[in-house]
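So the structure is just underneath, and the comments pick up after that.
The values are calculated or read from the model by the stated rules, or taken from the named source; none is laboratory data. This is a predicted model, so every value here is computed, not measured. Neighbour counts are summed over all protein chains in view; Cβ atoms, including those assigned to glycine, are modelled from backbone coordinates with ideal geometry. Quick note on the areas: whole protein, heavy atoms, side chains included, nothing else; ligands and nucleic acids left out. Shrake-Rupley method; radii C 1.70, N 1.55, O 1.52, S 1.80 Å.
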Amino acid sequence: MITASNIFVKYGDRILLDSIDLVIGVKDKVGLIGRNGAGKSTLLKIIAKEITPDDGNITMPTESTVGFLHQEMELPKGKTVIDETMTAFDGTKKIERRIEEINIELGVRTDYESDAYSKLLIEFSDLNDRFSLLGGDNMEADAEKVLKGLGFKNSDFSRLTDEFSGGWQMRIELAKMLLQRPNYLFLDEPTNHLDIESIIWLEQFLKTYPGAVLTISHDKTFLNNVTNRTIEIELGQMFDYKAPYSKAMEMRAERREKTMSAFQNQQKVIAQRERTITRFMAKATKTKMAQSMKKQLDKIERIEIQDEDLATMNIRFPKAPRSGDVVLEGKNLVKSYGSLNVLNKVGIKLDRGDRVAFVGQNGQGKTTLAKIIVNELGLTDGEMKLGHNVQLGYYAQNQSDTLYPKSTLLETMEAHSPPEMRTRLRKILGAFMFSGEDADKKVSVLSGGERARLALACMLLNPFNLLVLDEPTNHLDMLSKEVLKQALVEYDGTIIVVSHDRDFLAGLTNRTIEFRDKKLHDHLGDVNYFLKKRAMDNMREVELSTPKVKETPKENKPELSYDERKKLLRAVSLAEKKIEKLETKIADFEKTMGKSDFFQSPDQQTVINKYNEAKTNLDSAMEEWEKAQLMIEEAGA
């Protein structure tokens, strides 16, 4: 286990972590939560021994391994995706080489009774066990499986990592980390750059992960599905709940309610005794008794009410100037990137007051259409027209990354402000929880959540009547999400929101446009109505859904769900790859065994054993393939 003792961190006059004690068990699945800037990432880095606290220490077993996924990281350049991912197995390959060395040595040695020979056999056995535990027999297959789970296609494997955005490079780094299987896996906002399908895959992977997981996340569903323990950092203090996020928040409310009740009762008792002491002190015959009562009162352990961080943004969108009845209209819209077609002759029309959610898998064109609407991208074909007096406000996925890091907060606001707003900039910064000297901070020192708040503040400096928001909740803590949502509910203009966050979208929009198969599918109602209409439980299933083809019912054919069909197709693909590799291996063995001097070779028995094992494995793989293929054919899938 990892033990953190008396961890103390202070920045200037602010105590970030106030003598925190923490123990992480070998199988714990922990969600680390708290407001932006509360110290979550700092604590994670301290536990991983990447930074040193002002006081306190971290202890962990010397043989333990740690994997740490940062919010910001860079991959080496010049390698393909699969080659970079396979570096996760450098240690495993080293073990494999040593096994081969020992195998050769055992084949030529004859000192079977010696201690040295016995030690070599023990090392050989230990290394084989370790090699198997690390998945050495299936390194390439495991790498492909994890990469596909995180959203990569076969065609991506041979592409250079340099060609991918920071978000996709983060997925490669995450893949490497998962394949290394460290004892302790530390993840800082792992879902920020993942689409829903990849998040679901990661949830399933982490649920069964044999080691400990400690993750920072503002995704409620992810935390509820992955964790069994919640640690909250608030105003320097730590609160530990043995439950996933939602249950932990119920326990938190109960704890504060009980503490408040006990505090109030104690205050009544103290007030009563103080009155009695004061009365007795006035009487000479009671002075000794009063002094005794005073000593007893001083010994009472006073209940303290912990401070609660309830600071929030005070967002109010400017009143929307009146636009024409039709806000925008697009006809026969086509967008292609080279040979890749994203949108194929789609149409869209928004009337004044529409509140629209864009939903669908990543890569289906949501952000592309948003950028076309705000004129950041051109069309391949078709026509997009904005209505009369439409004034755009746009918040991009990477909006906070566009802020100049060397500017102060006030300079950043001035760069985005019209002249008439200049006198109000400090007040607006205060409304976004940047007060006093914060205005003179550099953007570079801000956390991800603080940058997101600053980007929102910049956006509100100009009036608009069409607001386009692309993943606006990235980096925002849960309370800030609620504040932003309420401000959007009260906004009187037209809204387009690109988001995968069902809690955020619920009740916010009155239309839902689903992006699927290069087309737009328009539904009236908010996301909950849309989900009910599609008979799905949550947004994650919407992201995974594929169109159902109407077929003439056929007799005696079992119906397969999407997940069942996907699982069977994956099983067939994996079995085919396994068969191909085993057939190649068997052919190599047969070539070796066909040599004239083979039976004089000292390792002939080892080769024969491996040959027989490969044939047995081939028979098993064939059976797996036949079984899965038969089920697919019977279901007409």
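So which residues in segment 214-230 are assigned to a strand (DSSP E or B) and either touching a Lys or Arg at 6+ places or on another chain (Cβ under 6 Å) or surrounded by fewer than 23 Cβ atoms within 10 Å (Cβ to Cβ) (or both), if there are any at all? Residues satisfying the conditions are Ile216, Arg229. Of the residues in segment 172-194, at least one is buried (at least 17 other Cβ atoms within 10 Å of the Cβ), aliphatic (A, V, I, L, M), touching a helix residue (DSSP H, G or I) at 6+ places or on another chain (Cβ under 8 Å) and at pLDDT below 85. Of everything listed in (1) within 23 Å of Asp477 (Cα to Cα); (2) exposed (fewer than 12 other Cβ atoms within 10 Å of the Cβ); (3) in contact (Cβ under 8 Å) with a residue 40 or more places away in the chain, the single unmet condition for Ser447 is (2). Being under 24 Å from Asp219 (Cα atoms), polar (S, T, N, Q) and at pLDDT below 85, is that true of even one residue in segment 147-159? Within segment 147-159, none of the residues are under 24 Å from Asp219 (Cα atoms), polar (S, T, N, Q) and at pLDDT below 85. The criterion of being under 30 Å from Glu63 (Cα atoms), of a type in the set (S, T, N, Q), surrounded by fewer than 22 Cβ atoms within 10 Å (Cβ to Cβ) and in contact with a Gly (Cβ under 7 Å, 6 or more places away or on another chain) does not hold for Gln204. Scanning segment 177-189 finds one or more residues that are among the hydroxyl-bearing types (Ser, Thr, Tyr) and within 30 Å of Val23 (Cα to Cα).
How about segment 88-97: which of its residues are open to solvent by 30 Å² or more (accessible area, probe 1.4 Å) and not small (Gly, Ala, Ser)? Answer for segment 88-97, where residues must be open to solvent by 30 Å² or more (accessible area, probe 1.4 Å) and not small (Gly, Ala, Ser): Asp90, Lys93, Lys94, Glu96, Arg97. Here Asn128 fulfils each of the conditions (1) open to solvent by 40 Å² or more (accessible area, probe 1.4 Å); (2) in a loop (DSSP other than H, G, I, E, B) apart from (2). If you check Leu425, Leu369, Leu377, Leu343 for being in contact (Cβ under 8 Å) with a residue 40 or more places away in the chain, part of a helix (DSSP H, G or I) and either open to solvent by less than 40 Å² (accessible area, probe 1.4 Å) or farther than 26 Å from Ser198 by Cα (or both), only one passes: Leu369. Pairs meeting the criteria (first residue in segment 604-615 and in a helix (DSSP H, G or I), second residue polar (S, T, N, Q) and open to solvent by 50 Å² or more (accessible area, probe 1.4 Å), beta carbons under 7 Å, at least 6 apart or on different chains) are Val607/Thr592.
In segment 27-47, the residues that are in contact (Cβ under 8 Å) with a residue 24 or more places away in the chain form Cβ pairs under 7 Å with partners that are of a type in the set (S, T, N, Q) and open to solvent by 30 Å² or more (accessible area, probe 1.4 Å), at six or more places apart or across chains, as follows: Lys29/Asn228; Asn36/Ser447; Gly37/Ser447. Criterion applied to Leu22, Leu16, Leu44, Leu32 was being in contact with a strand residue (DSSP E or B) (Cβ under 6 Å, 6 or more places away or on another chain), part of a helix (DSSP H, G or I) and surrounded by 14 or more Cβ atoms within 10 Å (Cβ to Cβ), and the one residue passing it is Leu44. For segment 65-90, the tally of residues that are closer than 19 Å to Ser155 by Cα and not β-branched (Val, Ile, Thr) stands at 6.
Taken over segment 78-110, the criterion of being part of a helix (DSSP H, G or I), of a type in the set (S, T, N, Q) and without any contact (Cβ under 8 Å) to a residue 60 or more places away in the chain is satisfied by Thr92 alone. Flag: Asn6 does not match the condition of being in a loop (DSSP other than H, G, I, E, B), open to solvent by less than 70 Å² (accessible area, probe 1.4 Å) and in contact (Cβ under 8 Å) with a residue 40 or more places away in the chain.
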